[in-house]
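Read through the structure below, which is laid out as structure tokens, and then see the notes.
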Amino acid sequence: IPMAGLEFQIGKRASLDLQGWYTNYNIFCKDDENTNVYGFSPELRIWTKGNTMQRGSFFGIHAMACWYTFKWTDGYLYQNGAEGQYSGDAGSNSPAWSVGLTYGYSIALDRKAHWGLELVLGVGYGQYAQNLGAWSDTDNKWYIHEHQNNTHTGITKAGLNLTYRFSARRVKPEYYENR
């Protein structure tokens with residue numbers, strides 16, 4: 001799923017990372033028009049070194065909310081939300097959600113630390129309610145035939161992020177000499 005994010009430095013060793021995603025394309029069932037997935041994930045990060053958001057380790061607290069409707073390879077339609085009928089879009093007012101703790105490591109790929117890689121792993125708790133539906137050729141529509149309430153404890157976030165950093169303030173050349 002295409003995803004974009006912004007990270008803001010909010011203290012000497014703290015930052016706020018905001019990520020969001022959206023797609024209406026289903027890689028599992030190419031002929032399916034019943035796909036819609038979107039969500040967002042904020043994370044508060046505390047960096048272990050003074051080079052906030054450039055290189056080194058960080059610890060964080062993350063959350064996530066996501067709405068989805070998609071058809072899987074088994075032919076069933078999965079849609080988050082309260083018990084009920086197929087809504088035609090990404091679920092209802094009951095998003096899938098999770099909260100947890102994160103560990104990450106940032107690697108600078110160039111001398112000025114504009115380009116970088118972040119490796120992120122988070123563990124926590126998640127909860128989602130979803131409707132499982134099947135297509136009726138007779139009525140030419142989806143029918144929900146099962147509702148599931150699920151919880152999850154374990155990995156709630158994993159990522160390998162390519163990053164580009166820019167600054168709104170002018171940085172003196174001496175800053176880069178000892179890096």
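Based on this model, can you work out whether GLY81 counts as modelled with pLDDT under 90 and open to solvent by 30 Å² or more (accessible area, probe 1.4 Å)?
Numbers: modelled with pLDDT under 90: yes; open to solvent by 30 Å² or more (accessible area, probe 1.4 Å): no.
No.
Going through segment 54-66 one residue at a time, which ones are surrounded by fewer than 20 Cβ atoms within 10 Å (Cβ to Cβ) and without any contact (Cβ under 8 Å) to a residue 60 or more places away in the chain?
Just the residues of segment 54-66 that are surrounded by fewer than 20 Cβ atoms within 10 Å (Cβ to Cβ), to begin with: 54-57, 59, 61, 63, 65.
Selection gives GLY56, SER57, PHE59, ILE61, ALA63, ALA65.
Quick check on GLY20: is it open to solvent by less than 10 Å² (accessible area, probe 1.4 Å), modelled with pLDDT of 80 or more and either farther than 30 Å from ASN140 by Cα or more than 16 Å from the chain's Cα centre (by Cα) (or both)? Taking the combined requirement at face value, the residue does not satisfy it. Mind checking whether some residue in segment 39-53 is closer than 15 Å to GLN130 by Cα, buried (at least 18 other Cβ atoms within 10 Å of the Cβ) and without any contact (Cβ under 8 Å) to a residue 40 or more places away in the chain? For segment 39-53, residues closer than 15 Å to GLN130 by Cα, buried (at least 18 other Cβ atoms within 10 Å of the Cβ) and without any contact (Cβ under 8 Å) to a residue 40 or more places away in the chain: absent. Residues being modelled with pLDDT under 85 and either within 22 Å of HIS62 (Cα to Cα) or part of a strand (DSSP E or B) (or both) are represented in segment 151-169 by at least one member.
The values are calculated or read from the model by the stated rules, or taken from the named source; none is laboratory data. All of these numbers come straight from a predicted model, not from anything done at the bench. Methodologically, a virtual Cβ is constructed for each residue, glycine included, from the backbone with ideal geometry; neighbour enumeration extends over all protein chains shown. Just the protein is used for accessible areas: all its heavy atoms, side chains included, with ligands, DNA and RNA removed. Shrake-Rupley method; radii C 1.70, N 1.55, O 1.52, S 1.80 Å.
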